[in-house]
1. At a threshold of 8 angstrom on Cα-Cα distance, excluding pairs fewer than six apart, so keeping six or more, what relative contact order does the chain reach in percent?
2. Between VAL77 and ALA154, what FRET efficiency comes out of the Förster formula 1/(1 + (r/R0)^6) with R0 = 22 Å and r the beta carbon distance, rounded to 0.05?
3. Please report ILE12, ILE145 as a ranked list, fewest other C-beta atoms within 10 angstrom at the top and most at the bottom.
4. Under the rule of -39500 (n - 2.57) per DSSP H run of 4 or more residues, summed and divided by the residues of the chain, what mean residue ellipticity at 222 nm is obtained, to the nearest 500 deg cm²/dmol?
5. Nearest 10 degrees, 0 to 90: what angle lies between the long axis of helix 16-29 and the longest principal axis of the chain (Cα atoms)?
6. Quick check for me: using +1 on Lys/Arg Cβ and -1 on Asp/Glu Cβ, what's the dipole size of segment 21-173 about its Cα centre, in debye to the nearest 20?
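Throughout, read-outs are computed from the coordinates displayed, never taken from laboratory work. All values reported here derive from a predicted model rather than from experimental measurement. Cβ atoms come from the backbone with ideal geometry, glycine included; neighbour counts cover every protein chain shown.
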Amino acid sequence: MNLRALILHGPIGGGKTARSLELADRAGEKGLHVMGVASIRVMEGGETVAYDGLDLASGSRFPLVLLGERAGPSDWVKLGPWKYSFSEQGFSRANKLLAEAASKISERSLVIVDEYGHIEMIGRGLYPGLVDVVEAMRGGGFLAITCRTDKVDALLQLLSPFKQVLVLEADRPDFWDTLGDSFI
């Protein structure tokens, strides 16, 4: 069976996470086992100050990303030129959740990976867990990945062994009509 994958793309604040959470709800209503990680934006005074990981199976949240000047010295790592620091513990937990999802994938599973971004492009962040899920999905199931539009080609390359990859802009008004019954 071919991988059934959906890439949800758009700009920062373009509704990728909201759409993936809607997708998780709809999949759950259809009886699918929903697993994976969503990145929940934390705002203060109109500014993004952090992103928390959300375990889609349990609903628990944990720190993933924090503005660099707010990060303490112990668990937070600065990567590249970005203004954020990254929680080693948080990403370790997220990757364990994705590895666990990979071990439980079945025809009636949806795994969501939110989001494939700059650090995943360099093999860090959620990349190891995403690779585990992609490899495990050779036997079936559904996968939804969010990314900024400029990362779509990299994701398509990662998913190149599989024929069924649908690419949709997260905020398109006819999203659900376009998705139809072709996914989940």
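1. Contact order relative to length: 34 percent.
2. Using R0 = 22 Å, I get an efficiency of 0.50.
3. By the 10 Å Cβ count, ascending, the order reads ILE12, ILE145.
4. Rounded to the nearest 500, the figure is -9000 deg cm²/dmol.
5. So the helix axis and the longest Cα principal axis differ by about 50 degrees.
6. Working: 17 positive and 21 negative charges, 54 e Å.
Result for segment 21-173 is approximately 260 debye, rounded to the nearest 20.
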